[in-house]
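For reference, the structure discussed in these notes is given below.
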Amino acid sequence: MQPGYFPANVLFILIFVAANAFFLFTAYKLYRILRLGKPEDRFDRTSERIKSVVTFVLGQRRVIREPAGWGHFFIFWGFVIITIGSIETFGVGIYHGFAYWKFLGKGLTNVLYLLQDLFCTAVVVALCVALYRRFVVKPERLRYEDQKATNQDACIIIGLILVLILLLFGARAAEYLLAQGEANRYFPRLAFVSVAFSRLFAGLTKEGLQAWYSICWWGHTVVILGFLIYIPFSKHLHLLGAIPNVFFRRLGSVGELSKMDLEDETAETYGISTIEEFTWKQLLDLYACTECGRCSDNCPATLTGKPLSPKLTIHHLKEHLQAKGKMLLAQQGAAEAASVNPEGELVKALIGDICQHDELWSCTTCGNCMEHCPVFIEHVDKYVDMRRYLVLMESNFSPEVQNVMRNWETNSNPWGLGFATRGDWAEGLPVKTLAEDSQVEYLYYVGCAGSFDERAKKISSALVTLLNEAGVSFGILGAEEKCCGETARRLGNEYLFQSMATELVEIINSYGVKKIITACPHGYNSLKNEYPQFGAKWEVYHHSEFLATLLRDGQLQPQQTMNKNLVFHDSCYLGRYNDLYEEPRTLLKSIRGLKLSEMERSRNKSFCCGAGGGRMWMEETLGDQKINDARTDQALKLEPDIIGVCCPFCTTMFEDGLKTCDMDEEVKVYDIAEILAETVTSEKE
Amino acid sequence: MNIVVLVKQVPDTETKIKIGADGKSIETSEIKWVMNPYDEYAVEAALRLQDSVGASVTILSMGPERTVESIRTALAMGADTGVLVDDPATEGSDGLGKAKVLAAALKSLEFDLVFCGHRAVDSDENQVGIMVAELAGIPHLGLAVSAEVTDGKVKVQRPIEGAKVTMEAILPALVTFGGAHAVWNPRYASLPGIMKAKKKPLETKTLADLGLSADEVGAQAAKVSVTAMEMPQERQPGRKLEGDTVEKAKELTRLLHEEAKVI
């Protein structure tokens, strides 16, 4: 069956068409399942989206953040280059005389063949490393409940690629020998690996070579087509899912939650309780997952033994989607509905069977999973969407959460302290309320912690000192201020959040405020990135960036030396959510004598303090360690005098962590504003 | 079965109370009004019966227009209808006057059970529920922490020192509820509940509608009146003793002896 000659070419065309038809049929089914999802607009900013694909797919920017990613880099590019070669291979299958050199010229074909040989070799090396990693190193993140099935899947994939590359080399080697001395045949000699392989066939007759060539060619072709068929059924579905997922990724602020339509009187349910209620993009995320496990590698809940692993959440959702999706499509089809097994996937509850309650409530919304996902899966809003269902439809949440929600409702702060006392912290301080003077340039939005929490009040007063020192024209709302509702929103109470947000926007706008400073990253993210959903048009600054600007412009000048070792902790909502990594560091570096130490998990890898996503207000009873204790341990490894933070919640969590390990005398927790206030002012006193 | 729950609107317990210019009332301008917590337990108890044996739950309250908000809260939790007696003439009425108004309003409603908190956390008089039972001529069970209905009887449990008593009464009856938030965990209204509550029937009545006049139940009829209010004395801040354990102990002994004069 010499390839390209009758009847081999007819056979080849039949196999080729059949394999592609099967593949397209499966892909179309996957597409239809995706279309079960709700609409979502991700079709804006096309040029930015194309750029994303170039950077993160072609450039593999996120994949190569880790050493193991380089293996993927070569496999990916090897795959692309092999595919270019496959076109020629398939061409030969139709007509034996088809060859690239006839179109591209001998020079270019040599380069192409050289590249193919190089990348094929690199792929073989990368695959060996991958096998070594999976079976010898066994990193935690490659662990799955059904390890055997996962390993089997990986072996099939790795095996198929290895075999198809070796067969390619075989076919090429035979081709090289066959081309010797034939005027109408040509083989690019730069393909040195193929040439080297030809030693295997040394001494064979022309007929022998021809036979080996046919065997290798057919083997290679069949494996490629088999691979094509296998892709959608394996974790290599990501070959189809990842590229569109990168293209359609969220371009605006990370983790911005969708604004629910609560006015819609026809709505029968709120939040998400079935898989098909997710949007198509949320479902596409599931197709894109490669099961690499980087999300769980960085998840504070996973790492402290909580019943949450973002990797497994996505994996379970994906399996459920595929199983339930097929059944739903069958139902849509016709009267087959009755024949669908009622015990099967259709009756499984998304919340309870597929995702567990503790899983949803363990998320701190820190965004580390999303930050490290090479294909931009958006995990956090899925958890929040399911929380929304539990909260809005079933009022199903822990008593302590109910308590804090009531406190927000009655007094607009999580502690439930009297709303009229909100401005009391500022009594006796040189700060005006907007009611007293609305002509100020900046509103200092203090937030709940800064207003009511004894510890955080000190941060507020330090910031007031600094702003006055720098001569900034600012005021506060005082008793008129309201909670921003950020935490209520992340706990799933969109109704409460929207009523709070509407109220706060109204108050702030009534004073014609244009610019806002705040010391709370949660309020900052909320006012800056989510309040525009409610008509807010303000410039919002976190105090770290604002103070950094004042320092740069010379409006503040640290006078005092501080000979201390400070470990800086990046807040999730400042760093990952808003990309402010340098500003607090610039500020700290401006202080003479201060040694700035960095934890292993710092900047975009920063480990949550454990308070985000409403966890601040929940008991932490699950897992083998509290998240704040784990983070405190990480900081203490650097033997600091000070743990530097820039969020009132982080302050509380670290102070609690230090008390737990009885280090609260030796190590102090300070907000960057407190540190700066100390060095700026004490000389004058 | 029909259950009427008496609900009073009170200042939130975290409200910063300020005494009014007259020295015998509080300033109401900066107050956040909420449903009396014990009445909320009564609502929860009624809704549990609604869930278990089926019942129609009516919320009955008296007060100014703002009281509607608390009634809607109970409706959002799951109650079916609301009645508000809103009449400026009831301003200044005492416990008995209020009980008369509520008892008169009850006459126009069908009920097998009347539930309410054993007291309201504003003036803490512990009277209205019991008086309503008396005026309506029905038995009263007090300080319940549970309520069941079987065979035309209501059975409740009431904690006493170190134990619980179980009591029952023949319907119709009035039960006042005790316990605490952690005992009852009153339900949090779901969003559909809140949406539906906006459309549930809520009737407003005046004294005239109930066949009462101001001199029967208003300020003039009050047998009890508040004559003066004063704030509790401000507590002195605590003092932290410095030094090692021995020094601290010595200083503490000295202070207890010389300043506090307790040893």
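Summary table below
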{"item": "Residues (away from chain A (no Cβ under 11 Å) and closer than 13 Å to B:Ile71 by Cα) located in region B:197-212", "result": "B:Ala197, B:Lys200, B:Pro201, B:Leu202, B:Glu203, B:Thr204"}
{"item": "Identity of the residue in region B:9-34, within 10 Å of chain A (Cβ to nearest Cβ) and in contact (Cβ under 8 Å) with a residue 24 or more places away in the chain, that ends up nearest to B:Gly82 (Cα to Cα)", "result": "B:Val34"}
{"item": "Any hit, region A:224-236, residues being more than 30 Å from A:Glu345 (Cα to Cα), in a loop (DSSP other than H, G, I, E, B) and in contact with a helix residue (DSSP H, G or I) (Cβ under 9 Å, 6 or more places away or on another chain)", "result": "no"}
{"item": "Qualifying helices (runs of 4 or more DSSP H) (wholly inside region B:114-202; at least 1 residues being more than 21 Å from the chain's Cα centre (by Cα) and buried (at least 18 other Cβ atoms within 10 Å of the Cβ))", "result": "B:191-197"}
{"item": "Residue that is part of a loop (DSSP other than H, G, I, E, B) and more than 33 Å from the chain's Cα centre (by Cα), where the choices are A:Ala420, A:Ala435", "result": "A:Ala435"}
{"item": "Inter-residue pairs, beta-carbon under 8 Å, first farther than 11 Å from B:Thr90 by Cβ and of a type in the set (Gly, Ala, Ser) and in region B:211-230, second surrounded by fewer than 10 Cβ atoms within 10 Å (Cβ to Cβ) and modelled with pLDDT under 90, 6+ apart", "result": "none"}
{"item": "Enumeration of residues in region A:625-667 that are crowded, with 24+ Cβ neighbours inside 10 Å and among the aliphatic types (A, V, I, L, M)", "result": "A:Ile627, A:Ala635, A:Ile643, A:Val645, A:Met653"}
{"item": "Which listed residue is of a type in the set (Asp, Glu) and free of Cβ contacts under 8 Å to residues at least 60 places away in the same chain, from B:Glu259, B:Glu203", "result": "B:Glu259"}
{"item": "Complete set of residues in region A:403-418 that are in contact with a helix residue (DSSP H, G or I) (Cβ under 7 Å, 6 or more places away or on another chain) and facing another protein chain (nearest Cβ under 8 Å)", "result": "A:Met405, A:Asn411, A:Gly416, A:Leu417, A:Gly418"}
{"item": "Residues of region A:127-156 satisfying the condition of being in a helix (DSSP H, G or I), touching a residue at least 24 places away in the same chain (Cβ under 8 Å) and within 25 Å of the chain's Cα centre (by Cα)", "result": "A:Ala130, A:Arg133, A:Glu140, A:Arg141, A:Leu142, A:Thr150, A:Asp153, A:Ala154"}
{"item": "Flag if A:Ser47 is outside the structural domain of A:Thr290 (by TED's automatic domain parsing), in a helix (DSSP H, G or I), among the small types (Gly, Ala, Ser) and modelled with pLDDT of 95 or more", "result": "yes"}
{"item": "Hits in region A:404-434 (condition: touching a residue at least 60 places away in the same chain (Cβ under 8 Å) and not charged (D, E, K, R))", "result": "A:Val404, A:Met405, A:Trp408, A:Ser412, A:Asn413, A:Pro414, A:Phe419, A:Leu434"}
{"item": "Given (1) within 19 Å of B:Val4 (Cβ to Cβ); (2) more than 14 Å from chain A (Cβ to nearest Cβ), number of the condition B:Trp184 does not satisfy", "result": "(2)"}
{"item": "Verdict on A:Leu257 being assigned to a loop (DSSP other than H, G, I, E, B), within 42 Å of the chain's Cα centre (by Cα) and more than 14 Å from chain B (Cβ to nearest Cβ)", "result": "yes"}
{"item": "Residues satisfying the stated conditions in region A:387-402, i.e. more than 7 Å from every other protein chain (Cβ to nearest Cβ) and within 23 Å of B:Lys196 (Cα to Cα)", "result": "A:Arg387, A:Arg388, A:Tyr389, A:Leu390, A:Val391, A:Asn396, A:Phe397"}
{"item": "Residue in region A:359-371 that is among the charged types (D, E, K, R), closer than 24 Å to A:Tyr270 by Cα and more than 9 Å from chain B (Cβ to nearest Cβ) present", "result": "yes"}
{"item": "Condition check for A:Val10: over 27 Å from the mean Cα position of the chain (by Cα), without any contact (Cβ under 8 Å) to a residue 24 or more places away in the chain and in a helix (DSSP H, G or I)", "result": "yes"}
{"item": "Whichever residue in region A:578-601 is polar (S, T, N, Q) and in a loop (DSSP other than H, G, I, E, B) and, among such residues, is nearest to A:Arg62 (Cα to Cα)", "result": "A:Asn578"}
{"item": "Residue ID - modelled with the lowest pLDDT, chosen from residues in region A:419-444 that are touching a helix residue (DSSP H, G or I) at 6+ places or on another chain (Cβ under 6 Å) and either within 25 Å of A:Cys650 (Cα to Cα) or away from every other protein chain (no Cβ under 12 Å) (or both)", "result": "A:Phe419"}
{"item": "Residue within region B:181-200 that is out of contact with any helix residue (DSSP H, G or I) (no Cβ under 8 Å at 6 or more places or on another chain), within 27 Å of B:Arg119 (Cα to Cα) and in the same structural domain as B:Ala120 (by TED's automatic domain parsing) present", "result": "no"}
{"item": "Residues located in region A:556-615, provided they are in contact with a Gly (Cβ under 6 Å, 6 or more places away or on another chain) and of a type in the set (S, T, N, Q)", "result": "A:Thr561, A:Asn563, A:Ser606"}
{"item": "Residue within region A:19-26 that is of a type in the set (A, V, I, L, M), part of a helix (DSSP H, G or I) and without any contact (Cβ under 8 Å) to a residue 12 or more places away in the chain present", "result": "yes"}
{"item": "Test: residue in region A:175-183 that is within 19 Å of A:Thr221 (Cβ to Cβ) and under 45 Å from the mean Cα position of the chain (by Cα)", "result": "no"}
{"item": "Scope region A:602-624; condition in contact with a helix residue (DSSP H, G or I) (Cβ under 8 Å, 6 or more places away or on another chain), surrounded by fewer than 22 Cβ atoms within 10 Å (Cβ to Cβ), in contact (Cβ under 8 Å) with a residue 40 or more places away in the chain and assigned to a loop (DSSP other than H, G, I, E, B); matching residues", "result": "A:Met618, A:Glu619, A:Leu622, A:Gly623"}
{"item": "Exclusive hit being crowded, with 20+ Cβ neighbours inside 10 Å, over 16 Å from the mean Cα position of the chain (by Cα), more than 25 Å from B:Ser213 (Cβ to Cβ) and away from chain A (no Cβ under 12 Å), set B:Val5, B:Val53, B:Val43, B:Val57", "result": "B:Val57"}
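The values are calculated or read from the model by the stated rules, or taken from the named source; none is laboratory data. What you see is a predicted model; the values in this text were computed from it and never measured. All Cβ positions, glycine included, derive from the backbone under ideal geometry; neighbour counts span all protein chains shown.
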